[in-house]
1. Within region B:303-314, restricting attention to residues that are touching a residue at least 24 places away in the same chain (Cβ under 8 Å) and farther than 14 Å from residue A:77 by Cβ, which residue is nearest to the other protein chains (Cβ to nearest Cβ)?
2. Kindly list the number of the only condition in (1) assigned by TED's automatic domain parsing to the domain that holds residue B:232; (2) crowded, with 21+ Cβ neighbours inside 10 Å; (3) modelled with pLDDT of 90 or more; (4) not aliphatic (A, V, I, L, M) that fails for residue B:74.
3. Under 6 Å between Cβ atoms, at least 6 apart or on separate chains: pull out the pairs that start in region A:162-187 with a residue that is within 14 Å of another protein chain (Cβ to nearest Cβ) and end on any residue that is of a type in the set (Gly, Ala, Ser) and away from ligand 2 (no atom under 16 Å from the Cβ).
4. Residues that are farther than 16 Å from residue A:152 by Cα, more than 10 Å from chain B (Cβ to nearest Cβ) and in contact with a helix residue (DSSP H, G or I) (Cβ under 9 Å, 6 or more places away or on another chain): does region A:78-96 have at least one?
5. Select from region A:30-58 the residues that are away from chain B (no Cβ under 13 Å) and of a type in the set (Val, Ile, Thr) and list them in ascending order.
6. Go through region B:194-206 and give me each residue that's within 13 Å of residue B:99 (Cα to Cα) and not in a strand (DSSP E or B).
7. Across region A:108-149, what is the total count of residues that are assigned to a helix (DSSP H, G or I) and facing chain B (nearest Cβ under 9 Å)?
8. For residue A:69, are the conditions met, namely being more than 9 Å from every other protein chain (Cβ to nearest Cβ), under 26 Å from residue A:21 (Cα atoms), touching a Gly at 6+ places or on another chain (Cβ under 9 Å) and among the basic types (Lys, Arg)?
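The values are calculated or read from the model by the stated rules, or taken from the named source; none is laboratory data. Small disclaimer: the values here were computed from a predicted structure and weren't measured. Note that each Cβ is placed from the backbone with ideal geometry, even for glycine, and that neighbours are counted across all protein chains shown.
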Amino acid sequence: MSVIETKKLSRIYQDGDSLIHAVNQVDLQVEAGEFTAIIGPSGSGKTTLLNLIGGLDTPSEGTVTIENKPIHQLKDSELINFRLKHIGFVFQAYNLIPVLSAQENVEFIMLLQDQSKSARESRAKELLKAVGLEQQMHKRPSELSGGQQQRVAVARALASKPSFVLADEPTANLDSKSTEDLLDIMHRLNKEEGITFLFSTHDQRVIDRAERLIYVEDGQIKSDEKK
Amino acid sequence: MLLKIAWRNIWRNKRRSFITLTSVAFALFFAIIMRSMQTGTYDQAYSSVINATTGYMQWQGEGYWDKQSLDRSFHPDSHQRKQILAHEGVLDLLPRLESFALLASNNSDTKPGFLKGVDAELEAKYFQLNEKLLAGELPNSQNNGVLLASGLAENLSLGLGDTMVIIGQGYHGMSANGKYPVIGIADLKNPIANKSTVYLDLKELQFLTGAYGQVSAEVIIPKSKDQLIELKQDLALIIDDESSDLLTWQEMMPELIEAMEADSAGGLAILFILYLVIGFGIFGTILMLTAERKPEYGILLSIGMSRGRMALTSFMETGLLSLLGILGGSFLAWPLAAYYHYNPIELGGDMDAMMEEYGMEPLLPFSLDGDIWLTHGSIMLIISLLLSFYAVVTIYRLNPVNAMRR
Ligand SMILES: Nc1ncnc2c1ncn2[C@@H]1O[C@H](COP(=O)(O)OP(=O)(O)O)[C@@H](O)[C@H]1O
Ligand SMILES: [Mg+2]
């Protein structure tokens, strides 16, 4: 069973009179435990593809199935709830709630899932430790570096025990040291905890670390290779 | 945690929140002080006019108020009278008999006069008639004299101990002529009343006019002046026949209420404009805030926060912010209103003279009625919560992809 499966997935945007095929007839399968990068030039459709898989955008055509659940059929509120339970998100920037500390940000997801305070606290601490931020737990995002913020975002994405983590250019705003650190953490979580990662990037250092590379251009998959 | 987020969100832009908060506080402060002054003044004006004239409620002969003549006076049923006095909302009953007559003294021509037969002891107890005395004493069944308003005494050139002649018509065409010693002179403040009023003992006036046992009205002294309608309904059950009426001061003096309401409407119009201006200010804040937060809302929606919870958080943020302003404004208004409640502003000059003429004290006491705080605090809160619906609508329409696209 694939964690993610898309069939003839398309997303067409209207731009004035012309139509943009941001994602065009994409068939894709991602299995549990993969560490996969979607690569391609800017404007090739990476973000749109991830948004469709994450249930943030609605397909113009085709299907998205997450763990056997056809999510393109869900209503808005069902979709929000589905995302909460099954998908972890890491965005390029502005991931965190600025008025909450690192620990509170991680706990927040579990609060939305109505978990008890003690369960939230212990899991948040555990996750922040796993991303190497046990010293920074009580700091607000503005007191953290960009790399640290992205690590908190990874911890938060994992807090809900999702089926997989989607990360859209998670290292785009980071220097090379932070990029290495973040990749180390993601890779370790993938190897040790079996967490499935699907991320987009056009950063060569990230591409080097990926275990499967899906190359898109003009909204279509041009190549798909496992290393 | 949602409340925590809402609370901390307020302090993200301290300057903007502070401006919003102070403008809410200022508007409320102004509204409360203004209403406190108006209401306080009206209360004072009402009670002085009411005390000087009709009292808060009267029990009258049927149709008396429309055509006030001695012939429409009535004989209160003693059983009903006992029942009214026994009602828990009633403190006392004051019988009054009123009539018109010509008045004369030995040394001048005649003047028209207004005769009031009263129980002077009760009038002193409830309406401070004794405090209006300039000289002499109040009429009673022993001294058998008349108390003259000072303006009338002057016009008739009468002083204490002089004799005054009453020439009038009695009950059902009887003649009513008599001679009385002047035993007291009182300043009644109201210029018209002060030029015409003569107080007699009730029994004496009944004897003079032949209206034995009759009264124009029984003034009902209520325990609380705020529940007259309920009291009237209760008492109407006691007075179930057609021969007498119950009237509240509002029914006897509708023009008094109209005058105050016209004045009050002017004040409310100013407040309306004030609320409008403040409302636009708050709306501006909400507009900016919502635009700024859109990417953040996009993230929250993406990671699985329901729109309902997001809307609630933003609702709480606006609610808390305006509540802070409301508390601030209320607390600031309290000491000022309390100060002028206990130390009313004394009017000088023309206003002073004018109010005195109408029998009111030339003072502007502020009202400390909690309703003013409650009403205007609620108005402010409702305005801001209504405006925050803009953010709620935005949240419900938000598309996470568009919100996060930069
Ligand atoms: N909401 C939108 N409205 C119109 N055009 C869009 C929208 N989102 C993306 N596009 C267009 O779709 C194409 C793919 O964009 P995107 O998925 O963001 O690419 P990438 O993430 O690879 O840079 C681009 O041409 C972009 O301009
Ligand atoms: Mg992109």
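1. Here the answer is B:313.
2. The single condition residue B:74 does not satisfy is (3).
3. Filtered contacts from region A:162-187: A:162/A:88; A:165/A:88; A:165/A:157; A:173/A:146.
4. The answer is yes, given that some residue of region A:78-96 is farther than 16 Å from residue A:152 by Cα, more than 10 Å from chain B (Cβ to nearest Cβ) and in contact with a helix residue (DSSP H, G or I) (Cβ under 9 Å, 6 or more places away or on another chain).
5. Listed by number, the residues that qualify are A:30, A:36, A:38, A:39.
6. Selection gives B:196, B:202, B:204, B:205, B:206.
7. 4
8. no
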